[in-house]
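S.K.: Below you will find the structure I want to go over with you.
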Number of protein chains: 2
Amino acid sequence: MLAEIITIGDEILIGQIVDTNSAWMAQQLNEVGLKIKQITSVSDDEDHILKALDEARERADVIFLTGGLGPTKDDITKKTLCRYFDSKLILNEEALQKVKAIFEKYKRPLLDVNIKQAEVPDNCTVLLNQYGTAPGMWFEKDNKIFISMPGVPFEMKAMMSNTVIPKLKAQVSFPAIIHETIMTAGIGESFLAKEIEEIEDALPSYIKLAYLPKLGQVRLRLSASSTNGEELRAEMLEIKSKLIAKVKQFVIATEDISMEEAILRKLTQRNQTLATAESCTGGYVAHLLTAIPGSSQAYAGGAVSYSYALKEIMLGVKEETLAQHGAVSEETVKEMAQGALDTYQTDYAIACSGIAGPGGGTPDKPVGTVWIAVASRSEMICKRFSFSDQRMQNIERTAVSAFFMLYKMMK
Amino acid sequence: MLAEIITIGDEILIGQIVDTNSAWMAQQLNEVGLKIKQITSVSDDEDHILKALDEARERADVIFLTGGLGPTKDDITKKTLCRYFDSKLILNEEALQKVKAIFEKYKRPLLDVNIKQAEVPDNCTVLLNQYGTAPGMWFEKDNKIFISMPGVPFEMKAMMSNTVIPKLKAQVSFPAIIHETIMTAGIGESFLAKEIEEIEDALPSYIKLAYLPKLGQVRLRLSASSTNGEELRAEMLEIKSKLIAKVKQFVIATEDISMEEAILRKLTQRNQTLATAESCTGGYVAHLLTAIPGSSQAYAGGAVSYSYALKEIMLGVKEETLAQHGAVSEETVKEMAQGALDTYQTDYAIACSGIAGPGGGTPDKPVGTVWIAVASRSEMICKRFSFSDQRMQNIERTAVSAFFMLYKMMK
């Protein structure tokens, strides 16, 4: 059983938005055992959408569409689906009630275009939209299922989780797709490959191994699809154990979680706390930590000490240190880490200071120069890095490197 | 002249990574006048890649591929391209030097698989990789151009900017694709549509208007493609002026920039500064600000006061206030804003405190309850919001709402 995702919208094709919906949908669908064959982004153009539908139904059994359901004139998905399935639009009373409720909640007058959003093709099953005005639509034709959902991420997500996936599960029986993930850090893709070469070469044909590199980390992912889920899982876990044993010192986690999540779990287990003192990362380290539910159990908070003054006020960095060595220096970043530990009374602290760019570089300290300090009550590690000339990349790399330093210290 | 993007990698189809490359490439290509017809994500599977290449060449003149060029066994793009273009692999001396240089820089021994990365099809033009080991490849066949690049974002970006786009410009003459964007906030998509109905209905057929909604903001984008760039631009600007005049009170910016960038520009122009005091957003507001180059001119920094203790230590929130009203309250968030203003000595401060979820909700203050305060030296505005049950959405909405409150105060 295969699925495809078609995302509709000119804004994707001119790069004005990043399509995050597809990845989320693919994750959810893989979990229930529906494999995605292809993801296609097309424009708000009737012929193009029709062509994409024809091509997708050749390859897949279930076709998901997102986008193009808004109230404005550039949204043509519903009209196009009417043509594709030879339907007429009829007003759906339940959908209309949802639209009315939303407009009442925000105390806004109901416009004709909003009422029109409650019109649906007469030969589809309506999928009510919990958070928005555009209902989803479920069509079946020639043993294929077509599901059209709004492009607004949280509306689509609620519709998928609460309506679409339960309905799919009730209607279709899925084979098991199994993934097992090992997170590594501190070793490059090709070195990792060399370390585990023998295990990889001995893999049975139905188990695939993928290397997923991402800024200083490489995820190893085993995957397979089978109707015999239990036996396959046992075999996968055995291979996974061998892989872990082989590259033990680089393993950060044995499931698909981020390094920061692994850190937070360890801290929570140990009943310990962490604070951050950020300059060049400007809150990104804190954001990665606090994006994880329950992070408040171990993460106390921290300073975004972007200016010189705030390094002194928030973290007690000495004026002389800044004057003598500058903000991007071993001395400053150590005082930042110590200041965070002392002021915020935590067990661990991360501090970073660097030149993210594009401006601010000097011959001595070019853009990409970053100092990171990680401290516990008994230990302080400090390192200088030379990253790139790209601002966001420098911010991300600093965060990953800081987490890796902390992870190693906690080990 | 049309282009297509094919992104290759199982990790995209199981949703393990979000494809951010396509949006960036689409942006760059649109700027030089190359319109993207379709974006397709396919698996690391030879037949699937070959089929995607065949389909893309039917629709487009230039086909971009990213991904599948790594040193490990699951990367099969190069092998597949060899088959598609009937080529043999030969070692490229320049590419080998690049590989060697990278391994020397990181003081790592060169493996056979790394040397193999310098092998390229004998009938392609090699695109050297500034930051990584996998060279890009440029093929031409039957008047179509095929460009294969690595999937690692910063390697691909450097290759596009420094090699691919200059080479395309030298070889092909492009029509002008023109976009004009107006950023609005505080008005829904359908209300905006109603306000500008007359202007939209009178648009000439060759100018398209799109509504791009995104969490509390709607971007209006005019676009057109023509060989007569100058005349078209004048016409577009006239329409843009009319649109701006019509919805003046909701316009945040008259170009495609984020609300936080508009705020930072205004602050910098006025020589004013901003501090943040974040609880539920956990550094996300600071991150959005500091992601913008030059933000240090106006953004001083701030507190991520996640715990009760840090609200007191960092911002001087009174213990009684927290005990009496809780962290998520008008009283606390006002003290946080005032504390940030006073302690960090800035002209403006943003403070937010709320229950991001999924845990921590109470009947009185369910998940999604957020208080935001925005303060200047002479004014304080405070508002309660009821967002959703989704953690990341609550964090993002809080940030956008805070920026909008600040923007209005600065106006």
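The values are calculated or read from the model by the stated rules, or taken from the named source; none is laboratory data. It should be emphasised that the depicted structure is a prediction, and the values quoted were computed from it without experimental measurement. Note: ideal-geometry Cβ built from the backbone for every residue, glycine included; neighbour counts use all protein chains shown. SASA here: full protein model, heavy atoms, side chains in, ligands and nucleic acids out. Shrake-Rupley method; radii C 1.70, N 1.55, O 1.52, S 1.80 Å.
S.K.: From the label point of B:S173, set 7 Å from Cα along Cα→Cβ, how far away are the matching label points in the other copies, in nm, ordered shortest to longest?
M.R.: Here the equivalent label points are 6.4 nm apart from this one.
S.K.: Shifting gears a bit: So who's got an amide H within less than 5 Å of the one on B:D44, skipping anything under 5 residues away but keeping other chains? H placed 1.01 Å off N, in plane.
M.R.: Residues meeting the amide H criterion: B:G9, B:D10.
S.K.: As a check on your reading of the symmetry: which chain A residue has its Cβ nearest the axis that brings A onto B, and how far is it in Å?
M.R.: Here the value is A:G283, 2.
S.K.: Within 10 Å of each Cβ in B:208-215, how many Cβ atoms from other chains are there, averaged over the peptide? All intermediate terms of the calculation are to be shown ahead of the outcome.
M.R.: Details: counts 4, 3, 11, 7, 8, 6, 5, 3.
Partner-chain Cβ atoms within 10 Å, mean over residues of B:208-215: 6.
S.K.: Evaluate E = 1/(1 + (r/R0)^6) for B:S386 and A:L128, where r is the Cβ-Cβ distance and R0 equals 30 Å; express this FRET efficiency to the nearest 0.05.
M.R.: 0.90
S.K.: For region B:225-288, just run the numbers: alpha carbon Rg, then divide by 2.2 N^0.38 Å, N being how many residues it has.
M.R.: 1.62
S.K.: Further, regarding this structure: Quick one: if you stick a label point 7 Å off each Cα along the C-beta vector at A:N162 and A:A245, how many nm between them?
M.R.: In this crude label model, A:N162 to A:A245 measures out at 4.9 nm.
S.K.: Show me the three semi-axes of the equivalent ellipsoid for chain B, from the C-alpha gyration tensor (sqrt of 5 times each eigenvalue), largest first, rounded to whole Å. Write out the running numbers ahead of the final one.
M.R.: Details: eigenvalues 427, 174, 73 Å².
Its equivalent ellipsoid spans semi-axes of 46, 29, 19 Å.
S.K.: Can I ask one more? Can you list the residues of region B:1-31 with backbone N under 16 Å from a point 7 Å past the Cα of A:D47, pointing along Cα to Cβ?
M.R.: B:1-3
S.K.: For A:R219, enumerate residues with amide H under 5 Å from its amide H, sequence gap 5+ or separate chain, H modeled in the peptide plane.
M.R.: Answer set, sorted by chain and number: A:T184, A:L212, A:K214.
S.K.: Hey, got the average number of other protein chain Cβ atoms within 10 angstrom for residues in A:308-316?
M.R.: That average works out to 3.
S.K.: Computed from the mean reciprocal separation of all distinct C-alpha pairs, what Kirkwood hydrodynamic radius does region B:207-341 have, in Å?
M.R.: It is 18.0 Å.
S.K.: Work out the mean other chain Cβ neighbour count within 10 Å for the residues of A:22-34 and drop it here as an integer.
M.R.: Whole-number average of other-chain Cβ neighbours for A:22-34 is 3.
S.K.: Between copies, how far does the label point of A:L215 sit from its twins, in nm, shortest first, when each point is 7 Å from Cα along Cα→Cβ?
M.R.: 1.7
S.K.: From the phi angles alone, apply the Karplus equation (6.51, -1.76, 1.60; θ = phi - 60°) to region B:168-183 and give each ³J(HN,Hα) in whole Hz, x where the residue is Gly or Pro.
M.R.: 5, 4, 5, 9, 10, 9, 9, x, 7, 9, 10, 10, 10, 10, 10, 8
S.K.: With a 1.4 Å probe and every protein chain left in place, tell me how much accessible area B:H179 has, in Å² to the nearest 10.
M.R.: In the full protein context, B:H179 sits at about 60 Å².
S.K.: Another one. Spelling out what I want: for every residue of region B:358-366, take phi, set θ = phi - 60°, compute 6.51 cos²θ - 1.76 cosθ + 1.60 (Karplus), and round to whole Hz; glycine and proline get x.
M.R.: x, x, x, x, 10, x, 5, 10, x
S.K.: What are the distances, in nm and sorted shortest first, from the label point of B:E319 to the label points of the same position in each other copy, with each label point placed 7 Å from Cα along the Cα-to-Cβ direction?
M.R.: 3.2
S.K.: Here's another thing I want to ask about it. Put one equal scatterer on each alpha carbon of region B:85-184, apply the Debye formula with no solvent term, and list log10 I(q)/I(0) at q = 0.10, 0.11, 0.13, 0.18 1/Å to two decimals.
M.R.: -0.36, -0.42, -0.55, -0.90
S.K.: For chain B, with a Gaussian network of springs between Cα atoms less than 10 Å apart, report the residue from B:M149, B:M160, B:M392 with the top mean-square fluctuation.
M.R.: Ranking B:M149, B:M160, B:M392 by mean-square fluctuation puts B:M392 first.
S.K.: Another question about this same structure. Apply the Karplus curve 6.51 cos²θ - 1.76 cosθ + 1.60, θ = phi - 60°, to the phi angles in region B:214-223 and return the couplings in whole Hz, x for Gly and Pro.
M.R.: Along region B:214-223, the couplings run 7, 5, x, 10, 10, 8, 9, 10, 8, 8 Hz.
S.K.: Once you order the gyration tensor axes a ≥ b ≥ c over the Cα atoms, which shape class does region B:297-411 get: rounded for a/c under 1.5, otherwise prolate or oblate by comparing a/b with b/c? Could the numbers behind the result be given before it?
M.R.: Values: a/c = 1.81, a/b = 1.25, b/c = 1.45.
Oblate, since a/c reaches 1.5 and b/c is not below a/b.
S.K.: Then there's this: R0 = 51 Å: FRET efficiency of B:S205 with A:V172, Cβ-based, nearest 0.05? Don't skip to the end; give the middle numbers.
M.R.: On the way: r = 44 Å, r/R0 = 0.86.
The calculated FRET efficiency here is 0.70.
S.K.: Over the alpha carbons of the protein assembly as shown, what is the largest minus smallest coordinate on each principal axis, giving the biggest first in Å?
M.R.: 68, 67, 59
S.K.: So what's the gap between the Cα centers of region B:323-353 and region A:393-409, to the nearest angstrom?
M.R.: 30 Å
S.K.: Leaving ligands, DNA and RNA out of it, rank B:L310, A:L110 by accessible area with a 1.4 Å probe, largest first.
M.R.: Output order, biggest surface exposure first: A:L110, B:L310.
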